[in-house]
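Student: Have a look at this one.
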Amino acid sequence: MRKFRIAVLKGDGIGPEIVDATLLVLNKAREIFGVEFELKEGLIGGVAIDETGDPLPEETLELCKSSDAVLLGAVGGPKWDDLPTDKRPEKGLLRIRKELDLYANLRPARVWGPLIDASPLKEEVVKGTDMIVVRELTGDLYYGEPRGVFKEDGMRVGINTMRYTEEEIRRVVRMAFEIALKRRKKLTSVDKANVLEVSGLWREIVEEERKNFPEVEVEHLYVDNCAMQMVKRPSSFDVIVTSNMFGDILSDEAGVVVGSLGMLPSASLGDRHALYEPVHGSAPDIAGKGIANPVATILSAAMMFRFSFGLDEVGDLIERAVERTLEEGYRTPDIRSEGCRVVGTQKMAERIAENMERLRS
Ligand code: IPM
Ligand code: MG
């Protein structure tokens, strides 16, 4: 079997803890399946600013470009909060997405049976929820020009620009249709077409592409309505496709609907590169305490085995081991519930790795 090159970017806050915990699972995959990796670490975010003055040093970018996949922890923290937006740790993340052209961000959110009581919603509402947000990741307000704070007639004016070319919309919409084909064949496209021209174009492209995927049922929702429907009828969603800004917001909502943001993995895919990271942030308030939930990162690694390495059986085993570990009652504090066994980051990952061994055949 070939050796997979993984760029490991631990980042800030809880990033190093959750990535280290995930490496236990990678090691277990190596033991069980004989998959070989070459892991190389790179700096990103606040630690990169401290060491090099740049949240995405050239060396890190080169490392990512020459790797088969990137595994990322999280970036950001209060230490760098006063820096201007273009110098902040988050800029490292935004630049890597753009430089690697990772235009489709897949954020699956499903309820895990043993965790159903972790959702703030009633069990009968959330039961059976299994959706995936396909968020466009390289356009929109995040990157549009002009941007900045300018002076106009002696008054400060803040400007950001919502911008999409039809090709940028089409490629992510197509990917969402293709994902829907492999799932329950239902696509919800989310926009704000009652107000925004960009959304009008988005809707047109979805309608054009729909002709190529006649088996897929399509619904269009305005983003405000979608935010509401997601808490009213979460289990009715299958694939949601939306722009960068709306997807950022809706995917956090999806996370809490199914229990905890600490469980939500993501894959950011382009035509040549792929990056895997948890949806949650660097959680500076609990950094260094060894209590962060490593599951979102571990499940991101499972997505890496599927999408980047074509090893579905490894991805399956990791997911089954996570489920078993939850069934056994192991919980990190963010998902604690009565009668459960609360453990730290490392212990949680160790148990998942042990369960991979147990469930292997
Ligand atoms: C996310 C995060 C990032 C985003 C931040 C950290 C720049 O919220 O990945 O959802 O807004 O994309
Ligand atoms: Mg976000």
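The values are calculated or read from the model by the stated rules, or taken from the named source; none is laboratory data. All of these numbers come straight from a predicted model, not from anything done at the bench. Cβ sites come from the backbone with ideal geometry, for glycine too, and all protein chains shown count toward neighbours. Just the protein is used for accessible areas: all its heavy atoms, side chains included, with ligands, DNA and RNA removed. Shrake-Rupley method; radii C 1.70, N 1.55, O 1.52, S 1.80 Å.
Student: Inside segment 241-336, counting only helices (runs of 4 or more DSSP H) that do not spill past its ends, which hold 3 or more residues that are within 16 Å of ligand 2 (Cβ to nearest atom)? Even if it seems obvious, please write down each step before you answer.
Tutor: Numbers: elements: 244-257, 295-307, 312-327.
In segment 241-336, the matching helices (runs of 4 or more DSSP H) lie at 244-257, 295-307.
Student: Follow-up. Any residue in segment 205-226 that is among the β-branched types (Val, Ile, Thr), part of a helix (DSSP H, G or I), within 22 Å of Leu181 (Cβ to Cβ) and away from ligand 2 (no atom under 16 Å from the Cβ)?
Tutor: Looking only at segment 205-226, we keep the residues that are among the β-branched types (Val, Ile, Thr), and these are 205-206, 216, 218, 223.
Of the ones still in play, those that are also part of a helix (DSSP H, G or I) are 205-206, 223.
Still in the running and within 22 Å of Leu181 (Cβ to Cβ): 205-206.
With the extra rule that they be away from ligand 2 (no atom under 16 Å from the Cβ), the set shrinks to 205-206.
Yes, because at least one residue in segment 205-226 is among the β-branched types (Val, Ile, Thr), part of a helix (DSSP H, G or I), within 22 Å of Leu181 (Cβ to Cβ) and away from ligand 2 (no atom under 16 Å from the Cβ).
Student: Of all residues in segment 104-131, which are in contact with a strand residue (DSSP E or B) (Cβ under 7 Å, 6 or more places away or on another chain), open to solvent by 10 Å² or more (accessible area, probe 1.4 Å) and not basic (Lys, Arg)?
Tutor: Residues satisfying the conditions are Pro108, Asp130.
Student: Moving to a separate point now. Mind checking whether some residue in segment 197-208 is farther than 18 Å from Asp140 by Cβ and assigned by TED's automatic domain parsing to the domain that holds Glu166? Lay out the reasoning, then the answer.
Tutor: Going through segment 197-208, the residues farther than 18 Å from Asp140 by Cβ turn out to be 207-208.
When the remaining residues are screened for being assigned by TED's automatic domain parsing to the domain that holds Glu166, the result is 207-208.
Checking segment 197-208: at least one residue is farther than 18 Å from Asp140 by Cβ and assigned by TED's automatic domain parsing to the domain that holds Glu166.
Student: Here's another thing I want to ask about it. Name the single residue that is farthest from ligand 2 (Cβ to nearest atom) among those in segment 227-240 being hydrophobic (A, V, I, L, M, F, W, C) and open to solvent by 10 Å² or more (accessible area, probe 1.4 Å).
Tutor: First pass over segment 227-240, keeping only residues hydrophobic (A, V, I, L, M, F, W, C): 227-228, 230-231, 237, 239-240.
From what's left, open to solvent by 10 Å² or more (accessible area, probe 1.4 Å): 227-228, 231.
On the way: Ala227: 14, Met228: 19, Val231: 18 Å.
Filtering segment 227-240 for residues that are hydrophobic (A, V, I, L, M, F, W, C) and open to solvent by 10 Å² or more (accessible area, probe 1.4 Å), the one farthest from ligand 2 (Cβ to nearest atom) comes out as Met228.
Student: Would you say Val322 is touching a Phe, Trp or Tyr at 6+ places or on another chain (Cβ under 9 Å), open to solvent by less than 10 Å² (accessible area, probe 1.4 Å), aliphatic (A, V, I, L, M) and under 22 Å from Arg341 (Cβ atoms)?
Tutor: Numbers: touching a Phe, Trp or Tyr at 6+ places or on another chain (Cβ under 9 Å): yes; open to solvent by less than 10 Å² (accessible area, probe 1.4 Å): yes; aliphatic (A, V, I, L, M): yes; under 22 Å from Arg341 (Cβ atoms): yes.
For Val322, the condition - touching a Phe, Trp or Tyr at 6+ places or on another chain (Cβ under 9 Å), open to solvent by less than 10 Å² (accessible area, probe 1.4 Å), aliphatic (A, V, I, L, M) and under 22 Å from Arg341 (Cβ atoms) - is met.
Student: Which of the residues that make up segment 238-277 are in contact with a His (Cβ under 8 Å, 6 or more places away or on another chain) and either within 13 Å of ligand 1 (Cβ to nearest atom) or among the basic types (Lys, Arg) (or both)? If you could, list the steps in order and put the result at the bottom.
Tutor: Narrowing segment 238-277 to residues in contact with a His (Cβ under 8 Å, 6 or more places away or on another chain): 255, 261-262, 264.
The answer is Gly255, Leu261, Leu264.
Student: Looking at segment 83-124, which of its residues are without any contact (Cβ under 8 Å) to a residue 12 or more places away in the chain and either within 16 Å of ligand 1 (Cβ to nearest atom) or not in a loop (DSSP other than H, G, I, E, B) (or both)?
Tutor: Correct list: Pro84, Thr85, Asp86, Glu123, Glu124.
Student: So which residues in segment 56-82 are away from ligand 1 (no atom under 16 Å from the Cβ), open to solvent by 20 Å² or more (accessible area, probe 1.4 Å) and either among the aromatic types (Phe, Trp, Tyr) or not in a loop (DSSP other than H, G, I, E, B) (or both), if there are any at all?
Tutor: Glu58, Glu59, Glu62, Leu63, Lys65
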